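None of the figures in this text is laboratory data; all of them are computed from the coordinates on show. Remember, it's a predicted structure, so these values are computed and weren't measured experimentally. Note that each Cβ is placed from the backbone with ideal geometry, even for glycine, and that neighbours are counted across all protein chains shown.
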Amino acid sequence: MAAIAPGSVRIGCRVIRDADEAHLLPEEARSIPARQQAMRRASGAARWIAHGLLAELGINDVAILRAPSGAPVWPDGMTGSLAHDDEMAVAAVAPVDRIASLGIDVEPAQPLPDDILALVAIPADRTDAVDRQLAGRILFSAKEAVYKAVYPLDREVLGYEDITVDLDAGHATTKTGRRVSLAYCTGPRVVVLAFVERGAG
Ligand SMILES: CC(C)(COP(=O)(O)OP(=O)(O)OC[C@H]1O[C@@H](n2cnc3c(N)ncnc32)[C@H](O)[C@@H]1OP(=O)(O)O)[C@@H](O)C(=O)NCCC(=O)NCCS
């Protein structure tokens, strides 16, 4: 997974374990509305990764709160993103002087059901160069990652139809006019990283 990220982005993953909710700092736990234990566990696993990535950059013991919008709140000078599926949590962080915003998503490496693909894909999307079996899943994951990268910049809720993805070229554009770079891997899970480089989009 680290191989897909640009040099200024730190990225990590963790299999979600029992009691991972204990990794939520008290302020983080308070900022996350009461949800099922499995969701709190996933949020704890993602923050455990992010705390470690920030510590590598000398930023220790900083709570990553959940804003009312759902977006994570990063310490001054940093941006990042979190995601989790049923089994895996992922996180990415980067300094804002290099990367204006980040989005990440993780999904099982399985074909996307046709009914969901019909909701997600638009004719302008390009996936020709991608493994046929996983093209829909990567497209879905890319749109989620792009949304997470763009929301903190524009504060606008986007639908799948508002994001045009060109997986062949490795970028996406949004109806808000953002141009977002994309990188992905497919094993053992589909992970898509979306990033707005400083000075772009
Ligand atoms: C953001 C969103 C796409 C997340 O998808 P999800 O499948 O529920 O969950 P994921 O595991 O992929 O990601 C969850 C993480 O996303 C992050 N997130 C949530 N809302 C966010 C937002 N508005 N901006 C950026 N990141 C956000 C949080 O860090 C969250 O982790 P946490 O709950 O541990 O704090 C979804 O919750 C949402 O807000 N959707 C509304 C808009 C939409 O779906 N449009 C179609 C897609 S383009």
>> Once each part is reduced to its C-alpha centroid, what is the distance from the stretch 52-81 to the stretch 132-201 in angstrom?
In response: 21
>> Per DSSP helix of 4 or more residues, -39500 (n - 2.57); summed, then divided by the residues of the chain. What does that give at 222 nm, rounded to the nearest 500?
In response: -9000 deg cm²/dmol
>> Charges at C-beta only: +1 for Lys and Arg, -1 for Asp and Glu. How large is the resulting dipole of the chain about its Cα centre, in Debye rounded to 20?
In response: 320
> Label point 7 Å out from Met39 along Cα-to-Cβ: which residues of the stretch 1-18 have amide N under 19 Å?
Replying inline: 16-18
> Hey, with R₀ at 30 Å, roughly what FRET efficiency would Ala19 and Gln110 work out to, going by the Cβ-Cβ distance, to 0.05?
Replying inline: 0.65
> Of Ala100, Gln110, Ser69, whose Cα points farthest to the positive end of the dipole of the stretch 63-115 (charges on the beta-carbon: +1 Lys, Arg; -1 Asp, Glu; origin at the Cα centre)?
Replying inline: Ala100
> Which order do Thr186, Thr174 fall in if you start with the one that has the fewest other Cβ atoms within 10 Å?
Replying inline: Thr186, Thr174
>> Suppose each label sits 7 Å from its Cα in the direction of the beta carbon; what would the Ser8-Asp85 distance come out to in nanometres?
In response: 3.0
>> At a 10 angstrom cut-off on C-beta neighbours, averaged per residue, how do the peptides 156-166, 27-37 rank from highest to lowest?
In response: 156-166, 27-37
>> Which of the three applies to the stretch 2-197, rounded, prolate or oblate, going by the alpha-carbon gyration tensor with a ≥ b ≥ c and a/c under 1.5 meaning rounded?
In response: prolate
> What ranking, highest mean first, results for peptides 118-128, 98-108 when packing means the other Cβ atoms within 10 Å averaged over each residue?
Replying inline: 98-108, 118-128
> With axes computed from alpha carbons, what is the tilt in degrees of helix 132-154 against the longest principal axis of the chain, rounded to the nearest 10 within 0 to 90?
Replying inline: 60
